[in-house]
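First up is the structure itself, then whatever we jot down about it.
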Amino acid sequence: MKVSAVRQALLLIALAFMPAIGEAIYFRNRVSWQSAISASELVTVDQARSWGDNVIWVDARPDNEFERDHIPGAILLNEDRWNELLPQFLGQWSPEKQVVVYCSAQSCNASREVAKRLREEAQLKDVFVLGGGWEEWLNNKR
Amino acid sequence: MNTNPLKLIGIVILTALVHSARAELKWEETSVDLRPAIGDKQSVAHFKYENVGKTPVYFKSVHASCGCTAAQTQKEQVAPGEKGEVTATFNIGGRTGTQVKTVTVQTDDPDPSRATTVLTLKAVITPLLEIQPALVFWQNGEEPKPKIITAKANKDAAIKKLEVTSSVPDFTAKVDAGSAPNEFKISVQPRDTTKAVYATLSIKPDSPANAANIFAVAARVMPPAPTAAPASTPAIKSTLSTIRHDLATPAPTAASPSQ
């Protein structure tokens, strides 16, 4: 009886795995919704704050959200107007400073994309993504 | 208690069939691949559906994952047997590469697993020009040797020539053919590296004839490196900081002599 119960349990587990395996095969070429980012490229609000004046804040959110409010001194650089905003940002960039990019919240992807493009297209070093984004900044507002 | 495995499989299949019979809004596809043409400003995905149930379906909300995508339904309520579509308009802006955006649709389906559907659009955006690096800079006092920016043109765009102009006369730019087909080398050189200068270099391809296809990169001579100052008062520190900020700020106009 015990053997039978175990067999049935295994059968049920195997059946449960089948759709998952099918989905894994079907979606094998699908890209992730969020760009991959290494832990070393993520910073917390406290870490970024500890850098004091040696930080250039980059706001990757849409224009209207930036206009509503932003981190003091932040520079607007989003992908909606990338060609126009990138040269403006590069005019204010300084090699001695760390660049910290943020978007709306943890779930948004814009800051990762902007940080990636700054590293690849402008070949900048010391570009970080703010974990939790603007939402986290507001939570840590002092 | 000794149940036949075949009976068990039958129960699982029957449960699945009963579950699917309750579903009402049937989507033709929940994932769409888009291939916008070079220079397109927008790309639109159409997600078609049909109400295969016996009762009307009401859309409670349609929400895009990013501000760059606008999603809308044709109607708020879908009668049994009726077909329709949700359109998602993706504003490309300055985006390149593979972009994945989602639209979350919520209906009044009593089954929570069916009430929410995530529609996915994937767009592969090929840029007209791939420019690297987007910034060339010289340290203050560095030898004013030319630095190279590489521009790779999309092979379908038939670009034969690039026109590069500097926003200030402090930099010169020369364009040569690159080592690979459809590649250009832009050689940028400052006249002087003893003063901080910022320039926007506008890159205009000869094809397609569209004024919007102007790309911009930056060239800079950096301000002098800050020296270790003797213990200064906060007022002096503040003044120094203001001066450094002014030097690093782009010239407002091309004619500004101080930049």
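Consider the range A:70-87 and keep the residues that are part of a loop (DSSP other than H, G, I, E, B) and at negative phi. The one that is nearest to the other protein chains (Cβ to nearest Cβ) is A:Asn78.
Looking across the range A:108-142, the residues that are within 19 Å of A:His70 (Cα to Cα), over 13 Å from the mean Cα position of the chain (by Cα) and in a loop (DSSP other than H, G, I, E, B) come down to A:Asn140, A:Lys141, A:Arg142.
A count restricted to the range B:76-94 and to residues that are farther than 13 Å from B:Leu25 by Cα and surrounded by 20 or more Cβ atoms within 10 Å (Cβ to Cβ) stands at 2. With respect to the conditions (1) at the interface with chain B (Cβ under 8 Å from one of its Cβ atoms); (2) within 22 Å of B:Lys122 (Cβ to Cβ); (3) among the polar types (S, T, N, Q), A:Ser111 falls short on a single one, namely (1).
Here A:Val58 fulfils each of the conditions (1) more than 9 Å from chain B (Cβ to nearest Cβ); (2) surrounded by fewer than 22 Cβ atoms within 10 Å (Cβ to Cβ); (3) in contact with a Phe, Trp or Tyr (Cβ under 9 Å, 6 or more places away or on another chain) apart from (2). If you check B:Gly97 against the conditions, is it within 12 Å of chain A (Cβ to nearest Cβ) and out of contact with any strand residue (DSSP E or B) (no Cβ under 8 Å at 6 or more places or on another chain)? No. Taken over the range B:107-126, residues that are in contact (Cβ under 8 Å) with a residue 40 or more places away in the chain and polar (S, T, N, Q) amount to 4.
Within the range B:21-40, the residues that satisfy the criterion of being modelled with pLDDT under 85 and exposed (fewer than 13 other Cβ atoms within 10 Å of the Cβ) are B:Ala21, B:Arg22. Residue count for the range B:101-121 under the criterion of being crowded, with 18+ Cβ neighbours inside 10 Å and within 13 Å of another protein chain (Cβ to nearest Cβ): the result is 6. Being without any contact (Cβ under 8 Å) to a residue 12 or more places away in the chain and surrounded by 13 or more Cβ atoms within 10 Å (Cβ to Cβ) holds for only one residue in A:Asn64, A:Asn83, and it is A:Asn83.
Among (1) assigned to a helix (DSSP H, G or I); (2) more than 8 Å from chain B (Cβ to nearest Cβ), which single condition is A:Ala105 missing? Of the numbered conditions (1) assigned to a helix (DSSP H, G or I); (2) more than 8 Å from chain B (Cβ to nearest Cβ), the odd one out for A:Ala105 is (1).
The values are calculated or read from the model by the stated rules, or taken from the named source; none is laboratory data. The shown structure was predicted, so the numbers you read here are calculated from the model rather than taken from an experiment. All Cβ positions, even for glycine, are placed from backbone atoms using ideal geometry, and neighbour counts span all protein chains on display.
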